[in-house]
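To start, the structure itself, in structure tokens.
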Amino acid sequence: MPRSNRTSIVALASIVLSLIGLGVSVAIYALHRQLAADPSFGSFCNVNEVVNCDVVLTSQYAKVLGVPVAAWAAGYYLTLALLAAVAGYGAWPGAAAASVRNARQAAAAVFVLAGFGLVFSGYMAVVALAVIRAVCLMCGALYLVALGLFATGWRLRRAFAVESRALAAARARQDRWVMAGAAAATAAVIAVGVWEAMAPALASLPASEIAKRSPEFYRWYVAQPVLQVPADGGKELGPADAPITIVEYSDFECGHCAALAKSLHQALPRYRGQVRVVFHHFPLDRACNPAVPNDFHRSACRAAVAAECAAEQERFWPFHDLMFANQQRLDAASLLKYAERVGCDRSRFEACIETAAARARVERDVRAGVALGVESTPTFFVNGRIIKGALTPELMSYAIALARAALPSLQSPAPKLAGSTP
């Protein structure tokens, strides 16, 4: 096959891969917007607590400079498709010299951009596995596209190799620019990684800095009352002697409770050893909560009892995560499957569900919530400061940082928080 035909085929392969990447990016962007608009929405690739696009796409890593990564990716793949088309056009027999020159430059650009895309995909894969601890199937498809584009970009650039001495010298200069571009792209990705790695510094922000960054949230937060909240009797996560305690009243069928769980999952790693979470049940279901006027969530009591039975086998938190990831499927059969998936003994779990003891523990939580004035979910208390509703991961981090800044033992130049206890 003539070289020009082979080059055209490689260019066509690059175009096809770029268009696939564009289509997947648009689909991810649409999903990102839907998740932002409705925290209770569950996507088709929300399989379990590990294979879960929703967790990845609602994390802080789903945006760069405030713009969804998927939007950047769509522009990136569209650019690659256009450049590959230019390269393919210049490969046709009889193409004008100017077209060939443009094609050679376009092929080099495809190679550089494909290399950057591969490096960035590797970075995002590491973040997903090591930081977020969840995998997005559609993001995985883009990783494969990036690998394929790097291979076709390399072949496309090689196809425009020239033999004459003069052109070889020009190509050598071009190679230096290509390598410089690849090095710059890699350095940019590494810089982003270092920046993200420094994210825990948010934990030490003084209240004055948070007031500058988010004045509306700061004013709202300090206006919330501080109560004396018992921190015992619930399901605990984190060290018992942590200086910050978050007491949470939640409902497994509540979409905003799921959003709160995601925010905590993303914010807590910034505060290693400083935060203890105490979970209490408050199902909006009259089957176990007479304080609610209607059965808003008819599966909520059943899910809470099941969580208590998972707790008997020390599997509460993985069971908690799995139920929030699958809120649309909280029937008895599904709960049994989730219990087995997190490692519960099936016979013990089934026997527990039938006893009154687990339901009694749920009802005890409900009474404690009613005594504190809980009326809706989620309601939680950050060192006693009441917050009703879910917070984004960023605002959750601010709330914890403000609680930390208010600790009597912390010497900080931050102003005293309004409404805080002495």
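The values are calculated or read from the model by the stated rules, or taken from the named source; none is laboratory data. Not measured: the values here are computed from a predicted model. Heads up, the Cβs are rebuilt from the backbone with ideal geometry, glycines too, and the neighbour counts pull from every protein chain shown. For the accessible areas, the whole protein counts, side chains as well, though only heavy atoms, and no ligand, DNA or RNA atoms are used. Shrake-Rupley method; radii C 1.70, N 1.55, O 1.52, S 1.80 Å.
Semi-axis lengths, largest first, of the ellipsoid equivalent to region 208-248 are 27, 13, 8 Å, with √(5λ) applied to each eigenvalue of the Cα gyration tensor.
Across all directions, the average flat footprint of the convex hull enclosing the Cα atoms of region 320-413 is 9.1 nm².
Under the rule a/c < 1.5 gives rounded, and otherwise a/b versus b/c splits prolate from oblate, where does region 231-283 land using the Cα gyration tensor? Each step should come with its number before you reach the end.
Working: a/c = 3.27, a/b = 1.35, b/c = 2.43.
Cα axes put region 231-283 in the oblate bin.
Derived value for region 295-334: Kirkwood hydrodynamic radius 10.3 Å. Basis is the mean of 1/r over every pair of different alpha-carbon atoms.
Suppose all protein chains stay in the model; what accessible area per residue would a 1.4 Å probe give for region 314-389, in Å²? Don't jump to the answer; show the numbers that get you there.
On the way: 3540 Å² over 76 residues.
With all protein chains present, region 314-389 gives 47 Å² per residue.
For the pair Leu82 and Ala223, what calculated FRET efficiency results from E = 1/(1 + (r/R0)^6), where r is the Cβ-Cβ distance and R0 = 56 Å, to the nearest 0.05? About 0.60, to the nearest 0.05.
When you work out D = kT/(6 pi eta Rh) for region 123-163 at 4 °C and 1.567 mPa s, using the Kirkwood radius from C-alpha pairs as Rh and the Stokes-Einstein form, the result is 108 µm²/s.
Nonpolar atom fraction for region 257-372, defined as the carbon and sulfur part of the 1.4 Å probe accessible area, stands at 50 percent. Sequence-ordered 3J(HN,Hα) estimates for region 258-265 from the Karplus curve with 6.51, -1.76 and 1.60 and θ = phi - 60° stand at 5, 5, 5, 4, 5, 4, 5, 4 Hz, glycine and proline given as x.
In Å², what does the accessible area per residue of region 210-278 work out to with a 1.4 Å probe?
On the way: 3050 Å² over 69 residues.
Accessible surface, normalised per residue, equals 44 Å².
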